[in-house]
Amino acid sequence: MNISCTLLDWYKENKRMLPWRETTDAYTIWVSEIILQQTRVAQGMAYFYRFTQAFPTVQHLAQATETEVLRLWQGLGYYSRARNMHKTAQIVAEQFGGVFPSDYPTLLSLPGIGAYTAAAIASFASHAPYAVVDGNVYRVLARIFGIDTPIDSTTGKKLFNQLAQEQLDQTAPATYNQAMMDFGAIQCTPQSPSCEDCPFAEQCIAYRTHQTDILPIKSKKTAQRKRFFWYLDIWNDHYTYLQQRTQKDIWQGLYEPMLIEEPLSELELLQHPTVAALKGDIVHISPTYKHVLSHQIIEARFVKIHLTQENDLLQAMQKISDTELSKYPVSRLIERYRATQAPAL
Ligand code: SF4
C-alpha cells in the first residue's frame with residue numbers, strides 16, 4: 001500500500017498556511033524547523049518573526065553574541081539548540097560564503113542538524129527526495145500499517161525510516177513532507193485522532209483493530225531526575241546579582257541568581273553558611289515552583305534578600321541594574337518567578 005496519493009489529496013483540503021512555507025530560502029526554513037521542534041505552531045510563529053526580524057540573514061545571526069541569541073530564544077527551552085544555531089551560522093558565514101546549504105549530506109555535517117531537519121531543508125529548499133521522520137511520522141505510519149515494533153528501538157528506527165522513504169512521493173517531496181507533518185498535527189493526533197472522517201479509515205489497521213491508543217509503541221521509559229533549587233534573589237537598591245551558567249548542564253549560557261542546589265528545608269536554608277555570610281535582610285521566601293523538563297523535575301524556591309552593603313561572596317557575580325536586567329537571558333522558571341514580582345525581579 002502507498003499512502004502518498006490519499007495524503008496529498010487530504011493536504012489540498014487541509015493545508016496550513018504558514019509563513020515559512022512560502023519560501024525556498026534554506027536559512028528561513030532552517031530557523032522555522034528548529035523553532036518548531038521546540039513548540040507548537042501558534043507559539044512558534046511569534047518566535048519565528050522575532051528571530052528573522054532580528055537576524056534576517058545567516059550573517060546577521062553569525063555576528064550576534066551568544067547572549068543576544070539566547071535572549072531571543074528565551075522561553076523555548078533546549079537552549080543547546082540555540083547555541084548550535086549560532087555555531088552553524090558562524091560556520092556557514094565563514095566556510096560557505098554566507099550561503100546556507102540545502103544539500104542533505106552537507107546539512108547533516110552542521111551542528112544541531114539531524115536527519116529530520118536535513119530532510120526538511122533539502123526537500124523544501126531544493127526538492128531533494130528525502131522523507132522527514134519524526135514523532136508525527138512514526139505515529140501515522142505505525143497506525144496506518146499496524147506496526148508494533150517499538151519506535152525507539154534500533155530495529156524500529158530502521159524499519160520506520162525505510163517505510164517513510166518508500167512512501168515518499170519522489171516527484172513532490174516537499175509537498176509530501178509538509179502533508180505528512182500537517183496530517184500528524186491535525187488529523188492523526190497523539191490523543192483522540194479524528195478517525196471517523198479520516199481518508200485512511202478503511203485501510204488503517206490501528207483504527208480497524210481498535211489500537212489507536214496503543215500505537216505507536218515505545219519501549220523505554222525515561223527516568224526523571226529530581227532536583228532542588230534554592231535561588232538567592234539578592235538586591236542592593238536598584239541592583240541585583242546574576243551569574244552565567246557555564247557548566248555542561250541545563251540552561252548553559254543563561255543567567256540566574258545565586259544558587260544553592262540542595263534538598264533543604266526552609267529552616268536549614270536560613271541556617272546555610274552562604275545565607276548567613278550574606279548578612280542581608282530576608283524580604284520574602286517564595287512558595288515552591290515546580291518546573292518539569294524532559295528528563296528532570298525541578299522544585300525551586302526563591303529567597304529575596306536585601307543587602308545594604310557589598311559582600312565578598314558576590315565578587316564572582318555580575319552586578320546588574322534593574323534597567324539592564326531584560327538584556328540577560330534567563331530560564332522559563334526564573335521568568336515565571338519574575339512575573340510574580342513587582343515591578344521587576
Ligand atoms: S484512521 Fe485514525 S489512526 Fe488511522 S490514520 Fe486516520 S486518524 Fe490516524
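Table for the structure above
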| quantity | calculated |
| --- | --- |
| Selection within the stretch 14-35 - in a helix (DSSP H, G or I) and at pLDDT below 90 | P19, W20, R21, E22 |
| Selected residue [touching a helix residue (DSSP H, G or I) at 6+ places or on another chain (Cβ under 9 Å), at pLDDT 95 or above, of a type in the set (S, T, Y) and over 22 Å from T222 (Cβ atoms)] from T189, T175 | T175 |
| The stretch 183-233 - residue that is among the aliphatic types (A, V, I, L, M) and more than 10 Å from the ligand (Cβ to nearest atom) and, of those, farthest from P257 (Cα to Cα) | I214 |
| Criterion: part of a helix (DSSP H, G or I) and either basic (K, R) or without any contact (Cβ under 8 Å) to a residue 40 or more places away in the chain (or both) - qualifying residue of A201, A174, A164, A206 | A164 |
| Helices (runs of 4 or more DSSP H) within the stretch 49-151 that include 1 or more residues within 22 Å of L293 (Cβ to Cβ) | 66-73, 79-95, 115-126, 135-145 |
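The values are calculated or read from the model by the stated rules, or taken from the named source; none is laboratory data. Predicted model, so just to flag it, every value in this text is computed and none were measured. Note that each Cβ is placed from the backbone with ideal geometry, even for glycine, and that neighbours are counted across all protein chains shown.
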